[in-house]
Amino acid sequence: MTPLRFQLPDLNAGLTEVRGVVYLDDPFLVLEVETAFMGEFEKEQQVIKIEPAALKEVRLDHGVFRDRLCLRPKSDALLNALPGEHAVEVRLKVWRTHRKRAADLVEAIRARQ
């Protein structure tokens, strides 16, 4: 499956950007996350693999400019692994122009749950 680019809310009062790609790689949902200070410095990369069965809910919320791919895990491990504060779910911001690919990803994840 083609990787889908996403962004997470900025950290440190907007000085640290968090972005990455998400895709399915049997049997996991893979999140490749890059954190960079001011977009260019002190870059850190991490790869997080999640079994689709470990997700309680997956949905795509539509927005005017960006949609949100929402992942609600059954445990807090995913919430703690990603940079930033995530209360009960992770909201990956994706451009509206990639809505079809995001919807296809949601359906593929649901088929594997």
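The values are calculated or read from the model by the stated rules, or taken from the named source; none is laboratory data. From a predicted model like this one, the values you see are computed outputs, not experimental measurements. A quick note on method: Cβ atoms are made from the backbone with ideal geometry, for glycine too, and the neighbour counts reach across all protein chains shown. To get the accessible areas, we keep the full protein, side chains included, count just its heavy atoms, and leave off ligands, DNA and RNA. Shrake-Rupley method; radii C 1.70, N 1.55, O 1.52, S 1.80 Å.
What accessible area per residue, rounded to a whole number of Å², is obtained for the chain using a probe radius of 1.4 Å?
60 Å²
Per the Kirkwood treatment, what hydrodynamic radius in Å, one decimal, follows for the chain from the mean inverse distance over all distinct Cα pairs?
Details: mean 1/r = 0.0703 Å⁻¹.
It is 14.2 Å.
With all protein chains present, calculate the accessible area of HIS98 using a 1.4 Å probe and round the result to the nearest 10 Å².
60 Å²
Determine, for the chain, the count of lysine pairs separated by eight or more sequence positions (or lying on different chains) whose alpha-carbon distance falls under 22 Å.
Lysine pairs meeting the criterion: 6.
Using the Cα centre of the chain as origin and beta-carbon charges of +1 (Lys, Arg) and -1 (Asp, Glu), tell me which of PRO3, GLY63, PRO27 is placed farthest towards the positive end of the dipole.
Comparing the listed Cα positions along the dipole, GLY63 ranks first.
How much of the accessible area of region 14-113, in percent, comes from carbon and sulfur atoms when a 1.4 Å probe is used?
Whole-percent figure for carbon plus sulfur exposure: 49.
Sort PHE65, PHE37 from largest to smallest accessible area, using a 1.4 Å probe on the heavy atoms of the protein chains.
PHE65, PHE37
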